[in-house]
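Bear in mind that the values in this text are calculations on the coordinates, not laboratory data. Just so it is clear, the model here is predicted, and its values are computed rather than measured. Neighbour counts run over all protein chains shown; Cβ positions are idealised from the backbone, glycine included.
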Amino acid sequence: MDRSTFRPVDSVTHIWKDNLGLPTEAFSALNNLAESGCYPSSFKVEHLAQCTVALSALSAALFWSIRHQCSVPKVTVPAEHACAEFKSERLYVLNGNPAPFSWGTIGGLHKTSDGFVRMHDSFPNHRESALRILGLSKNATREDVAHKMLDWRSTAVEDAAFRDGAVVVALRSFEEWDALPQAQAVVDFPIIVDRIAQSEPYLPALQGAALDNKCLRSIRVVEM
């Protein structure tokens, strides 16, 4: 299956019908998933955001319809709203202050002798491994890291990171990525969702105002 031309609605349709086997009649409750271009990127970030929210919302709407024995409520997922949801941690304040930055102090984009790499340093072990590879102390600054990176080729520091427990990835052009065996392995890799358990439908009894409150009222889930 060639998914290179998939629009968000195509991805949602494929997962809903082909992977999950959910009722096709429920899919008509999903309004047109128009794209907006709010996240310009070589990666389909907006596409992913819109599909993820649409699948979750449509699943909740289907559950509501089963519980109330009624038609599936309409689900609309504007791309701008889905993109804002993906950045929601940047949109709130705690005691009047912005949320803390989710990255560490040395990560992000760094220039190398022949290009650029992106370093992840959110976890202490990743940070410490990266500094060890670069020959820097644990209290090294971002400026120290930037200076050391200029001595490395992008793929060389990526290889060293892979071997020694850091997360540093070379930035590649589309042509450079397409030439890699990893690219060939995932170019048409199927989206697979497996059911791992079978259980009886659980519909807790609701009373009064709770009947018309939230789609998943009283349902418990484990997020992993």
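Do you know the relative contact order of the chain, to the nearest whole percent, from alpha carbon pairs under 8 angstrom that are 6+ apart?
Here the relative contact order equals 17 percent.
K44 versus L109, label points 7 Å from Cα toward the beta carbon: distance in nm?
2.4 nm
Mind telling me which of V145, V186, V167 comes out most flexible in a GNM of the chain, alpha-carbon contacts under 10 Å?
V186
What distance in nm separates the simple spin-label points at Q69 and A99, each placed 7 Å from Cα in the Cβ direction?
In this crude spin-label approximation the distance works out to 4.2 nm.
Hey, what number do you get for the chain at 222 nm if only DSSP H runs of n ≥ 4 count, each worth -39500 (n - 2.57), divided across all residues, to the nearest 500?
-10500 deg cm²/dmol, from helical runs alone.
In terms of Cα to Cα distance under 27 Å, which lysines are near enough to K87, apart from those fewer than 8 places away along the same chain?
K44, K74, K111, K214
Using 7 Å Cα-to-Cβ label points, what is the D188/H147 separation (nm, one decimal)?
Each label point lies 7 Å from its Cα, and together they span 5.2 nm.
Between Q198 and E223, what FRET efficiency follows from the Cβ-Cβ distance if R0 is 25 Å, with the result rounded to 0.05?
That pair, Q198 with E223, gives E of 0.75.
If we sort 55-62, 127-134, 102-109 on the protection proxy, mean other Cβ atoms within 10 Å, highest first, what's the order?
Ranking, from highest mean packing down: 127-134, 55-62, 102-109.
With r as the distance between the Cβ atoms of F162 and N32 and R0 = 45 Å, compute the FRET efficiency 1/(1 + (r/R0)^6) and round to 0.05.
Values: r = 42 Å, r/R0 = 0.94.
After rounding to 0.05, the efficiency reads 0.60.
Provide the percentage of antiparallel DSSP beta bridges, counting only those with both residues in the chain; round to the nearest 5.
90 percent
If each Cα of the chain is one equal point scatterer, what is log10 of I(q)/I(0) from the Debye formula at q = 0.11, 0.14 Å⁻¹?
The computed values of log10 I(q)/I(0) come out as -0.82, -1.10.
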